[in-house]
Every structure is written in C-alpha cells, then in structure tokens.
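**Q** Pasting in a structure now, in structure tokens, and then I'll have a few things to ask.
The values are calculated or read from the model by the stated rules, or taken from the named source; none is laboratory data. The structure displayed is predicted, hence computed values, not measured ones. Quick reminder, even Gly has a Cβ in these numbers, built from the backbone with ideal geometry, and neighbours come from all protein chains shown. We work out accessible area using only protein heavy atoms, side chains counted, and drop any ligands, DNA or RNA first. Shrake-Rupley method; radii C 1.70, N 1.55, O 1.52, S 1.80 Å.
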Amino acid sequence: MNGKVCKATRNVAIVGPYLSGKTTLLESLLSVTGTISRKGTVKEGNTVGDSATEARQRQMSVEVTAASTEYQDICFNFIDCPGSIEFAQETYNALVGVDAAVVVCEPVSDRVLTLAPLLKFLDDWEIPHLVFINKMDRFELTDDANGNSLRSVFDALNSVSTRPLVLHQYPIGKGEHLTGFIDLVTEQAYLYHPDAPADPIPLPESLKEAEQQARTELLETLADFDDHLLEELLEEIEPPQEEIVQDLKMELGADLIVPVFMGVAQQDYGVRPLIDALLREAPTPESTAERRDIAGDESSTVAQVLKTYYTPQGGKLSLVRVWQGKLTDGMVFNGVRAGGLYRMFGHHTQSVSQVSAGDIVALGRLEGIKTGDTLTTDTGNPEMKLPIAEASKPVYALAITPQKRKDEVKLSGALTKLLEEDPSLVWEQHGDTHEIILWGQGDIHLQVALDRMSRKYNLPMTTHLPRVPYKESIRKSTTSHGRYKHQSGGHGQYGDVYLDIQPLSRGEGFNFSETIVGGVVPKQYIPGVEIGVKEYLSHGPLGFPVVDVAVTLTNGSYHSVDSSEQAFKQAARLAMTGGMPNCEPMLLEPIMSVGVYAPQEFTSKVLQLITGHRGQILGYQTCSDWTGWDCVSGYIPQAEMQNLIMELRSLTLGIGFFKWTYDHLQEVPGKLADRVLATTGNGNGNGKS
C-alpha cells in the first residue's frame with residue numbers, strides 16, 4: 001500500500017488445509033489489486049506469505065502472515081493462516097479479529113472432511129466465511145475416476161458445515177477443464193484468461209438448464225431467511241439483482257449461509273470475482289464490532305493482540321485489531337507505551353501515524369503484552385477483556401538441553417519469548433525427572449520452535465523423548481532397625497531407630513508417625529527421623545520416588561552426649577535402606593485419562609488404537625455439540641502416549657485429536673517392568689523408556 005487513506009476497510013483471513021493453496025491465493029489477490037508487480041511461488045520461497053525462514057525451509061505456513069492492499073478505495077487486510085493442524089492455534093487466534101474468512105479447499109470430496117474442525121470453529125464464533133474451491137484446473141467437471149464432481153464436492157462440503165452452502169458461480173468447461181464461470185446472481189458468463197480479467201461471453205446453451213437449477217437452489221436457500229424473497233419466488237416474480245446481493249450480504253454477515261466460489265489461484269482464475277464479492281458482500285468492521293458487542297467508554301481506544309512476533313530488526317511486534325477509537329504511535333495501553341505503529345506486508349513493515357477502528361496493524365515494543373490480550377486506554381476499565389480462542393492443550397513433548405552448557409542461563413528468557421510468539425507451546429521443568437520439557441501440537445510444531453530458538457536466540461538444542469516419571473511402592477510390611485554410630489575424636493554421632501514400614505492404598509501418599517514411649521528417642525530428634533525417611537523415599541530400591549507408604553517410629557535409643565538430629569536422620573536412612581527391599585517393591589506408571597475425538601467413521605480405528613497402546617476403553621459417545629463426531633474415553637499409560645497424536649492423525653486424515661489429564665498410578669506388568677528396570681539401570685532412575 002502507498003499510505004493513502006482508504007474510505008473503508010475489510011479484514012479477511014485466508015484459511016484452509018495444508019496444500020490447499022492459501023499462500024498462492026494471497027499472492028494472486030495482491031497481484032490483481034496491483035500491490036505487487038510479480039507473483040512469487042511457494043516453491044521459489046519468494047511469496048509475501050510464508051515469509052518466516054522456517055516456513056520457506058519447509059514450504060508450508062507455520063505462522064500467520066499479514067498483508068495489506070487497496071482495491072477500489074477499500075483497504076483489505078489479509079491474514080494468511082497456517083493449514084497444518086499442528087499450527088491451528090495460530091489460525092484460531094487470528095480469526096478472532098477478522099470480519100470474514102475465505103476457506104480454501106481442493107476439489108476432492110474425500111479431503112473435504114479435513115475442513116471439519118475449522119468450519120466448526122468459524123460457526124461456533126459466528127465468523128462469516130466463504131469457500132473458494134481452488135485448483136479447478138486439476139478437476140474434471142464431470143465425475144473423474146474417483147467419483148469427484150462439482151456436485152460430490154459441494155455435497156461433501158455441506159456435510160461438514162452446519163451452515164448451508166450456496167453456489168455463487170457455476171463452472172464453464174471445455175471438455176474436462178475449467179475455462180470460465182457463470183455468475184449466478186447476474187447470469188452473466190465469463191471466459192478466463194491467465195493473469196488477466198475474464199471477458200463476458202454469452203451464456204452457453206448447453207449449460208442453461210444446469211445454471212437455472214443452481215440459481216434456483218441459491219434463491220431458495222436465501223429465501224429461507226427472507227420472507228419477501230420467498231413470496232416473490234412463490235409468485236414466480238424474478239427478484240431484482242440488487243435484492244439478491246443485499247440478501248447475500250445480510251445472510252453472509254450473520255453467518256447464516258456460506259457462498260461458494262471457485263477458480264485457479266495460480267493463474268488468477270476466479271480471484272477477481274472473489275475480491276469483488278468480499279468488497280460487495282463481506283461484513284464491514286463496524287458491523288463486526290456491533291455483533292461482538294464491544295463495550296467501553298467510546299472516547300477510549302480498544303484493541304486486541306492477534307499475534308506476537310520477535311523480529312531481528314524491530315524487536316517485538318504485536319499484530320492488533322482495533323475495535324474502537326483511533327490508534328496513534330506512542331499511545332499507552334494497559335500502562336505500556338507503544339513504540340511504533342506499522343502496516344505489515346509479510347516480513348516488511350510500513351510506518352503509519354494513525355489508524356481508525358476496524359483496522360489491523362502492528363504495534364512495537366509492547367513489553368509484557370501477550371497474544372490474546374485486550375488493549376485499552378480506558379483507565380477506568382483496566383480489566384476489560386475481549387473473548388479469546390481457547391488454548392489448545394499440548395499433545396506432544398520433547399526434553400530439551402542447550403548444546404552449550406554456558407547457554408543454560410539464557411534458556412528461560414528465550415523460552416518466554418518463544419511462548420509469547422506461539423501460545424500453543426508450553427514448557428516445564430519436571431519435578432521428578434528434572435528435565436526441561438517443551439510441549440506442543442506435534443513433531444513439526446516443536447521442530448519449528450527449536451529452529452526459531454537456534455536462529456533467533458543462538459540457542460541450538462539437543463533433544464530426546466521425555467523420561468516417564470515412574471514411581472514405586474511396596475506390597476508388604478516389615479520392621480527395620482537402623483543404627484548410626486560414628487566416633488572420630490571429641491563428640492561422636494549416635495542415633496538408633498526401629499521403623500515399621502507399611503503399604504498404603506493407592507493415592508494415599510506418605511504418612512509418618514511415631515509411638516515412642518518413655519523418651520527412648522527424645523522429641524527434638526524425631527523430626528530428623530522423618531527427614532531421613534523422606535530423603536530415602538525420593539530414590540527407592542528400584543531407583544524411583546516411593547509413594548503410598550506409611551512409616552512409624554516405634555523404638556530406638558540415644559546417647560546423652562553423642563546424639564543429634566543429624567545422627568537420627570542417618571539412622572533412619574539406614575533403616576529404610578535395609579528394610580525397603582524386603583517389602584516387595586513394585587514399579588508404578590502414571591495413567592492418563594484420555595478423551596479421543598474423531599469423526600464416527602473412524603471410531604472403530606480409534607478403539608483399536610487405544611487398546612494397541614495398552615489402553616483401557618471406558619466407553620464412547622456421540623459429541624453433543626458436533627454432529628457426526630464421537631468421543632472415546634479411556635485410560636492410557638503415559639509411556640504409551642508419546643506418538644499417540646501422530647498415529648491418531650494418520651488414521652483420521654489429520655483431524656483427530658485428544659484431551660488428557662493425569663489420573664492415577666498403576667503397577668507396571670511384570671515383564672514390562674523388568675524391561676523398564678533393565679533400560680533404566682535398575683536404580684539410577686535416569687534411563688529412557
């Protein structure tokens with residue numbers, strides 16, 4: 001853009017599955033609007049979208065990319081969103097701030113199911129959206145060998161959408177290939193030209209019947225929401241084009257219908273009609289703000305952070321949607337002064353002095369502000385919070401360690417910035433294994449994050465699968481004696497204890513008590529006994545923390561000069577060391593409660609997947625808020641969870657997912673326990689398993 005002030009704005013997200021052609025469509029949109037003179041390609045790595053190094057290395061979108069353009073005095077802010085399910089959180093965070101979305105898909109009915117999670121999110125949030133069927137040059141207008149046709153793809157799309165789809169165009173083909181389209185509103189036919197506007201042509205006689213049928217379906221669907229149009233159809237009155245366009249605008253804006261367009265983005269086929277429809281029929285920012293009921297002092301500015309970037313040159317940038325008021329450089333939001341106001345164009349930025357409500361721009365150096373935060377200048381309402389997309393629970397993990405030991409001090413700060421850029425990442429330092437664990441949505445997701453750490457913060461990592469935090473417990477009771485006696489000149493050390501060691505029921509934890517009579521162990525030394533017992537239980541006879549054990553101090557003796565709390569602590573450790581191996585120690589593994597979600601046609605495969613991972617199936621039921629989907633619930637050992645998400649996605653066209661929580665500990669079966677102990681070295685507790 002040239003910095004010219006536009007009279008209105010449209011904010012549009014480009015979304016869809018991986019490889020559907022979203023970035024190519026953005027490139028075409030920028031080309032036909034005159035913002036770029038030469039289109040780039042994903043293969044050559046020179047597109048406006050996919051501008052991140054990690055995206056170009058993989059030839060796939062890994063984060064949202066914003067680009068502004070101007071068309072007929074309207075400012076369009078396009079947001080190109082990742083298609084991989086592993087980066088879906090990026091897409092959802094951005095969708096919260098747009099006025100409409102273009103859902104890009106391929107003309108293959110079997111792949112339409114991959115749109116289900118995205119369409120559900122759009123409908124749950126009531127975000128108006130259109131469908132653009134891309135790559136129509138690879139599509140046979142009649143049934144192909146796999147049974148694909150325009151009707152089969154259209155029906156498949158309707159099956160995964162809770163809103164009715166309406167064809168806005170009808171394709172014209174020569175033989176089996178797309179050559180043009182018929183606008184079902186105006187009934188004007190057009191002939192495509194590569195990288196040029198389409199020419200109007202007479203409506204082909206051979207398509208008149210099919211065009212009329214498609215147009216009638218369009219009008220009948222619109223009439224479901226407009227009584228006046230319904231009356232006109234019943235009386236066989238031809239509705240004016242202006243009325244049809246107005247109905248399309250109103251019903252699209254209310255997310256009641258989904259118009260369907262088609263074309264070939266690589267050749268600009270269908271791209272101009274698409275942007276014309278966005279100009280004419282997509283909701284305005286004002287109507288979106290009204291539907292969202294943005295409340296607050298009208299004299300204040302309200303915005304929301306859709307994405308956070310850390311750039312090598314400009315530092316931190318926050319992509320924000322301005323919901324109310326004007327936004328100028330240097331404004332103070334939530335007590336933080338913005339340092340720069342920019343329009344984004346891929347990885348390039350252009351300084352601007354002021355923008356109005358409805359725009360999407362970037363603010364510099366908003367320290368302490370993260371993705372999803374509501375920004376306001378209303379000091380009387382500092383706690384104002386706009387709705388945000390629900391955070392995706394992590395499903396895949398790697399343990400990470402800096403390749404250079406000296407870099408450990410920088411790790412925490414780098415991870416904090418990494419999580420600001422990508423809120424679907426989580427990191428923790430595990431309390432039992434002491435590993436630093438990075439959690440995400442899959443292997444590619446984590447590899448992209450690690451590449452960023454290496455490139456942006458010069459922190460290359462070594463990784464391995466996280467260790468399973470096994471525990472151990474005991475099956476039987478015993479009594480054990482421990483005496484610590486040490487003499488090295490002067491005062492010595494003396495402590496003597498008798499301990500009863502007993503198993504507790506699963507989940508009861510640890511209990512320490514004493515039944516000392518007659519002061520055989522003075523009260524001031526008893527805390528030392530408990531400390532010694534706890535220290536031993538952190539690393540039991542099998543090499544893991546011990547749980548569900550009760551220890552009772554029953555007897556002992558002391559020396560009036562040589563006894564101390566430290567001596568009794570050592571005596572307790574000796575008693576535990578001698579007694580615990582006699583209690584039949586057993587290995588315990590953490591068990592997760594898992595809910596696996598997938599379309600019903602995959603339920604039998606999900607059941608097999610769970611049992612194949614040593615899981616226990618508790619049952620399954622239809623999802624009440626998602627037609628055609630089941631949720632299978634069960635228990636799965638944590639040791640079997642690491643690759644579960646990859647296998648599940650492989651079985652379900654990439655869209656199955658699960659939610660999990662820790663539930664309980666359970667004894668590891670005998671032979672498997674032997675293998676685990678052999679792998680971990682039977683006592684060091686540090687092996688992989």
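**Q** Somewhere in segment 22-36, is a residue assigned to a strand (DSSP E or B), open to solvent by less than 10 Å² (accessible area, probe 1.4 Å) and either of a type in the set (Phe, Trp, Tyr) or modelled with pLDDT of 95 or more (or both)?
**A** For segment 22-36, residues assigned to a strand (DSSP E or B), open to solvent by less than 10 Å² (accessible area, probe 1.4 Å) and either of a type in the set (Phe, Trp, Tyr) or modelled with pLDDT of 95 or more (or both): absent.
**Q** Determine which single condition ARG649 fails, assuming it passes every other condition in (1) assigned to a strand (DSSP E or B); (2) open to solvent by less than 40 Å² (accessible area, probe 1.4 Å).
**A** The number of the failed condition is (1).
**Q** Can you pull out every residue in segment 104-140 that is more than 25 Å from ASP630 (Cβ to Cβ) and hydrophobic (A, V, I, L, M, F, W, C)?
**A** Passing the criteria: VAL104, ILE127, LEU130, VAL131, PHE132, ILE133, MET136, PHE139.
**Q** OK, next. Does HIS445 fit the bill of being at pLDDT 95 or above and either in a helix (DSSP H, G or I) or farther than 26 Å from ASP407 by Cα (or both)?
**A** So HIS445 fits the description; yes.
**Q** Among the residues of segment 413-440 satisfying the criterion of being of a type in the set (Ser, Thr, Tyr) and within 26 Å of PRO590 (Cβ to Cβ), which is farthest from the chain's Cα centre (by Cα)?
**A** Step by step, filter segment 413-440, then rank; the result is THR433.
**Q** For a quick check of your reading: which helices (runs of 4 or more DSSP H) sit entirely within segment 193-299 and have at least 2 residues that are hydroxyl-bearing (Ser, Thr, Tyr)?
**A** So the answer is 208-223, 285-292.
**Q** Report whether or not PRO503 is modelled with pLDDT of 95 or more, of a type outside the set (Phe, Trp, Tyr) and surrounded by fewer than 17 Cβ atoms within 10 Å (Cβ to Cβ).
**A** Considered against the rule, which asks whether it is modelled with pLDDT of 95 or more, of a type outside the set (Phe, Trp, Tyr) and surrounded by fewer than 17 Cβ atoms within 10 Å (Cβ to Cβ), PRO503 comes out as no.
**Q** OK, next. Of all residues in segment 506-528 being aliphatic (A, V, I, L, M) and either in contact with a Pro (Cβ under 6 Å, 6 or more places away or on another chain) or within 11 Å of THR554 (Cβ to Cβ) (or both), which is most open to solvent (accessible area, probe 1.4 Å)?
**A** VAL517
**Q** So in segment 190-210, with the set limited to residues that are at pLDDT 95 or above and in contact with an Asp or Glu (Cβ under 8 Å, 6 or more places away or on another chain), which one is farthest from PRO240 (Cα to Cα)?
**A** Residue satisfying both the conditions and the ranking: LEU191.
**Q** What are the residues in segment 271-310 that are of a type in the set (Ser, Thr, Tyr) and either over 26 Å from the mean Cα position of the chain (by Cα) or within 27 Å of LEU256 (Cα to Cα) (or both), if any?
**A** Selection gives THR284, SER287, THR288, SER299, SER300, THR301.
**Q** Shifting gears a bit: So the check is Cβ under 6 Å with 6+ separation or different chains; which pairs have a first residue in segment 618-642 that's under 25 Å from LEU438 (Cα atoms) and a second one that's at pLDDT 95 or above and among the charged types (D, E, K, R)?
**A** That search, which allows pairs on different chains as well, returns PRO637/GLU589; PRO637/ARG614; ALA639/GLU589; GLU640/ARG614.
**Q** Does segment 406-425 include one or more residues that are open to solvent by 30 Å² or more (accessible area, probe 1.4 Å) and of a type in the set (Gly, Ala, Ser)?
**A** yes
**Q** Under 8 Å between Cβ atoms, at least 6 apart or on separate chains: pull out the pairs that start in segment 648-662 with a residue that is over 11 Å from PHE602 (Cβ atoms) and end on any residue that is surrounded by fewer than 15 Cβ atoms within 10 Å (Cβ to Cβ).
**A** These pairs meet every condition: LYS659/LYS393; TRP660/LYS393.
**Q** Name the residues in segment 626-640 that are more than 28 Å from ASP110 (Cβ to Cβ) and open to solvent by less than 20 Å² (accessible area, probe 1.4 Å), would you?
**A** The answer is GLY634, ILE636, PRO637.
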